[in-house]
1. In this structure, is Leu45 open to solvent by 60 Å² or more (accessible area, probe 1.4 Å), modelled with pLDDT under 95, out of contact with any helix residue (DSSP H, G or I) (no Cβ under 6 Å at 6 or more places or on another chain) and hydrophobic (A, V, I, L, M, F, W, C)?
2. Please go through region 566-597 and pick out each residue that is open to solvent by 80 Å² or more (accessible area, probe 1.4 Å) and either at positive phi or in a loop (DSSP other than H, G, I, E, B) (or both).
3. Does Leu322 meet the test of being assigned to a strand (DSSP E or B) and within 23 Å of Cys198 (Cα to Cα)?
4. Keeping to region 131-154, report how many residues are open to solvent by 10 Å² or more (accessible area, probe 1.4 Å) and either closer than 19 Å to Gly38 by Cα or in contact (Cβ under 8 Å) with a residue 24 or more places away in the chain (or both).
5. What number of residues in region 262-293 are in contact with a helix residue (DSSP H, G or I) (Cβ under 9 Å, 6 or more places away or on another chain), under 28 Å from Tyr31 (Cα atoms) and not in a loop (DSSP other than H, G, I, E, B)?
6. Return only the number of the condition from (1) open to solvent by 30 Å² or more (accessible area, probe 1.4 Å); (2) not in a loop (DSSP other than H, G, I, E, B) that Tyr507 does not satisfy.
7. Answer with yes or no whether Ile231 is open to solvent by 20 Å² or more (accessible area, probe 1.4 Å), more than 23 Å from Ala128 (Cβ to Cβ) and outside any loop (DSSP other than H, G, I, E, B).
8. Which of the following residues is buried (at least 17 other Cβ atoms within 10 Å of the Cβ) and in contact with an Asp or Glu (Cβ under 8 Å, 6 or more places away or on another chain): Ser606, Ser611?
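The values are calculated or read from the model by the stated rules, or taken from the named source; none is laboratory data. From a predicted model like this one, the values you see are computed outputs, not experimental measurements. So basically every Cβ, Gly included, is an ideal-geometry build from the backbone, and we count neighbours across all protein chains shown. In case anyone asks, the SASA skips ligands and DNA or RNA and just uses the protein heavy atoms, side chains included. Shrake-Rupley method; radii C 1.70, N 1.55, O 1.52, S 1.80 Å.
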Amino acid sequence: MSNKHGNLSINSDNIFPIIKKWLYSDHDIFYRELISNGCDAITKLKKLDLMGEYELPDDYEPKIQILVNPEEKTLKIIDNGLGMTADEVEEYINQIAFSGASDFLEKYKDKASEEQIIGHFGLGFYSAFMVADEVHIDSLSWQKDAVPVHWTCDGGTEFDMSDGTKDTVGTQITLFLNEDCLEFANEYRAKEVIEKYCSFMPTAIYLSKENAEEEYETIPADEVTEKDKVIETIVEEAKFEEKENEDGTKEQVEVSPRTEKAKIVKRPVALNDTHPLWTKHPNDCTDEEYKTFYRKVFQDYKEPLFWIHLNMDYPFNLKGILYFPKINTEYDSIEGTIKLYNNQVFIADNIKEVIPEFLMLLKGVIDCPDLPLNVSRSALQNDGFVQKISDYITKKVADKLSGMCKTDKESYEKYWDDISPFIKFGCLKDEKFCDKMNDYILFKNLDDKYLTLPECLKVEENADAAKDADSDSDDTAKNAEAENTVSDEDTDSDNAEEKDTRKPIYYVTDVQQQGQYINMFREQEMDAVILDHNIDTSFISQLERRNEKIKFVRIDADLTDSMKEDVSEEDLKETKDALTETFRKALNNENLKVNVEKLKNAEISSVITLSEEGRRMQDMMKMYGMAGMDPSMFGGDQTLILNANNALVQYILEHKDSEHVPVFCEQLYDLALLSNHPLTPDAMSKFVARSNQIMLLLAK
């Protein structure tokens, strides 16, 4: 081939400024592009061998070599793939593999910073010009009688191409780095970048410093292979010691055998794992391998709780491993990392189009060769295919969790406190996931026992059945009378029942704070579940929408009938009116809502209740920064419930004109509040001062 000088057929001088400044946000990504090209060339050569069109040498070892030379400010990327002829260089490099260069420039010049554009047009090679002032290509094609090619370009639109001197099949790319990018010729920096992008590429990658002195290592002589360069053989003769026997005779005993070692040129060690764990079948992987892989990839030395191995060939190719990490929520932010690969080439972390948002709390790797990548392989085209992949990942996670709950509930319970934020967040973000997990969400009850939603309902049904049985035995006469009389009141009662037939599931948000309510529940042999995570308010609302037969009610939302004596409102009306007036006056609050009940436990003087709807509205207001608004605007005003069977309440009722009653009213009200939520600093100061005042009264 005669020497050739020409212009790259781009029809513009603007291509290189675009490549250098805008194609990639991270300049180090050129390593990934050029090494990926080398891997592709090797893959194609091996396919030619399989098809019988080319015969690989018996000692062929596919590899990518990276040679850094900080003194010369160069680096070389060498592959032993299929190489290129002069015509192929002309087609793939000089003409740039896309049509309509002007259209390309017009389309991307204003938004190239937003849309990564190289790989789609076969421009990965040109990422070299982001860091190099000049680039050389030396290539020898696999084709018979091929002539080696030498190509050079100094970053403009002109190139020179001539016969080369390369005598082995493959391609060598030499980058003459610009002054701003000399770091990439540093061996340690190069290692860092290659491990970032290329840790699992399918071809072994070796890094060394060009012209560096040889390093050596010593190995047992019987482990030397044909590829090893032996410098010398080191023999250590056997050692003997004299030993005296019981009969007084002496003999020589061998204490260390003869050894033969070989000093060899240090074997190169690949930077990457060409067969990562996710490429293997789950049955061929051990627990220890999963844990080792997790520690290596994520630098997390806390063992993961468990993992899900994705392995799918149809209708698309997808493999990967998702780990559920152990999280100390008190100190750690719940933020995971899902690494996305394409044919073992790292693309990016946490691409939301592929990874469902809630699974980004996990750690893991996903490799999908079928992903429709855009030109730089750094982002995805958002289409229906990508959504199918996302749906599949969600389904596999739900299948794993539900399967564990069904077949290994003991382990599932052990993990629950750690994994529940993932699952609850998933239920909020993905309706299909919520439906699949509906019966496998766990709730811890007051006895620290874990119950599924169906089990919670069963507990409530059993409790209702027991109450009904007690009621039947006590009220036989009333029931008999009711059978003979059908009135408007009965009809109204039936209609009232129809209005809300949902089964209540009672819950606690703070075991210590709501201790009094919990004791009242236990006295009536009632149960509740503990929902103390900040995600739970939204989560239970989601469950109610998807389970129309249930409702979640916090235990301080109201007092259940089982806690009260069977007394009509009419019988307590006079007492309620008197106490309401007394408390409103003492607390200087005309809007205070007061109710009076006869509780079975006479030791309880007062409790505060806040309707479930009102409390959730308050939580929502706090979430959206509206904590200062009046909850009564939304029907969420709290109610002070006084126990007519309590001695202190009776004293206030009988001595409502006493000078001490206002103090007792304030104290009783604050005691009720304390069982419901913490007092404000000002209210707590007054409560302590008032407590001292009451003790002084008692001391007189």
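1. Numbers: open to solvent by 60 Å² or more (accessible area, probe 1.4 Å): no; modelled with pLDDT under 95: yes; out of contact with any helix residue (DSSP H, G or I) (no Cβ under 6 Å at 6 or more places or on another chain): yes; hydrophobic (A, V, I, L, M, F, W, C): yes.
No, not satisfied.
2. Asp566, Asn588, Glu590, Asn591, listed by residue number.
3. Values: assigned to a strand (DSSP E or B): yes; within 23 Å of Cys198 (Cα to Cα): yes.
When the stated conditions are applied, Leu322 passes them.
4. Let us first name the residues in region 131-154 that are open to solvent by 10 Å² or more (accessible area, probe 1.4 Å), namely 133-134, 136, 138, 140, 142-148, 150, 152, 154.
From what is left, the residues that are either closer than 19 Å to Gly38 by Cα or in contact (Cβ under 8 Å) with a residue 24 or more places away in the chain (or both) are 133-134, 136, 138, 140, 142-143, 146-148, 150, 152.
Looking only at that region, the number is 12.
5. 4
6. (1)
7. Considered against the rule, which asks whether it is open to solvent by 20 Å² or more (accessible area, probe 1.4 Å), more than 23 Å from Ala128 (Cβ to Cβ) and outside any loop (DSSP other than H, G, I, E, B), Ile231 comes out as yes.
8. Details: Ser606 fails: in contact with an Asp or Glu (Cβ under 8 Å, 6 or more places away or on another chain).
Result: Ser611 is the single residue among Ser606, Ser611 that is buried (at least 17 other Cβ atoms within 10 Å of the Cβ) and in contact with an Asp or Glu (Cβ under 8 Å, 6 or more places away or on another chain).
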